[in-house]
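Heads up: the structure comes next, in structure tokens.
The values are calculated or read from the model by the stated rules, or taken from the named source; none is laboratory data. Just so you know, these numbers come straight off a predicted model, no measurement behind them. With ideal geometry, Cβ positions are generated from the backbone for all residues, glycine too; neighbour counts draw on all protein chains shown. Quick note on the areas: whole protein, heavy atoms, side chains included, nothing else; ligands and nucleic acids left out. Shrake-Rupley method; radii C 1.70, N 1.55, O 1.52, S 1.80 Å.
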Amino acid sequence: YLRTLGVRPDTLVAIAVERSLEMIIGLLGILKAGGAYVPLDPDYPQERLQFMLDDTQASVLITHSQLKDKLKETLASYSGQTVILDQVEHILQQQETTTPPPLALPHHLAYVIYTSGSTGKPKGVAIENASLSNHMLWMKEKYDFSYKDKILQRTSYSFDASVWELF
């Protein structure tokens, strides 16, 4: 579905959802489409969310209808395409279920996470797929993780520490 909206390698896709299974599915969907995710914590101040959307020029914003009031100001000025997850379920169910051919290569972006902004304005840190893969391989080797292990996701997905917890 995201590819039909124009998501390709290095396309930034903002995602503003609460911690949930939909959050994980959304992140994986963005990566499978070849895009790079930009996590927007719905609890951030509207001004910060707006800055991040403006700064990234994300062409797609994924959110949930229960957050429409909370994100009202941000959504009102956003000029890209908005995907309200619980309003497109029927569309998603009609999509092809086979894995699409991969488009993203190691040098393409995987995600952009913003710094805390403690020295002024927050800055987006862009991470490529190769860096994400290297980090995950290092974590697996260092801590001997397997598919049987369970990892607690303790941090917000808008912080870099969340990446190894998620993936």
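The table below gives the values:
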read-out: Within region 8-108, GluC sites (Glu not before Pro) in DSSP loop having at most 16 other beta-carbon neighbours inside 10 Å; value: E18, E96
read-out: Residue-averaged [θ]222 nm for the chain, counting only DSSP H segments that reach four residues, each worth -39500 (n - 2.57); value: -9500 deg cm²/dmol
read-out: Solvent-accessible area, 1.4 Å probe, carbon plus sulfur percent, for region 62-167; value: 54
read-out: Eligible lysines near K142 by straight Cα distance, threshold 25 Å, same-chain separation 8 or greater; value: K150
read-out: Whole-number percent relative contact order across region 93-167, with pairs defined as alpha carbons under 8 Å at least 6 apart; value: 23
read-out: Kirkwood estimate for the chain, i.e. one over the average of 1/r between Cα atoms, Å; value: 16.6
read-out: Spin-label model distance (nm) - T119 vs D10, 7 Å beyond Cα toward Cβ; value: 2.6
read-out: Tail fraction, Cα-Cα pairs, region 1-87, threshold 17 Å, whole percent; value: 40
read-out: Overall dimensions of region 91-167 as given by Cα atoms, namely Rg and Dmax in Å; value: 15.7, 46
read-out: Sites F145 and L21, calculated FRET efficiency, Cβ-Cβ separation with R0 30 Å, nearest 0.05; value: 0.90
read-out: Relative contact order computed over the chain (Cα-Cα under 8 Å; 6+ residues apart), in percent; value: 23
read-out: Distant-in-sequence amide H partners of I62 (H built 1.01 Å from N, under 5 Å); value: A14, I15, A16, V83
read-out: Highest-fluctuation residue, G34, G26, G120 considered, GNM on the chain with Cα pairs under 10 Å; value: G120
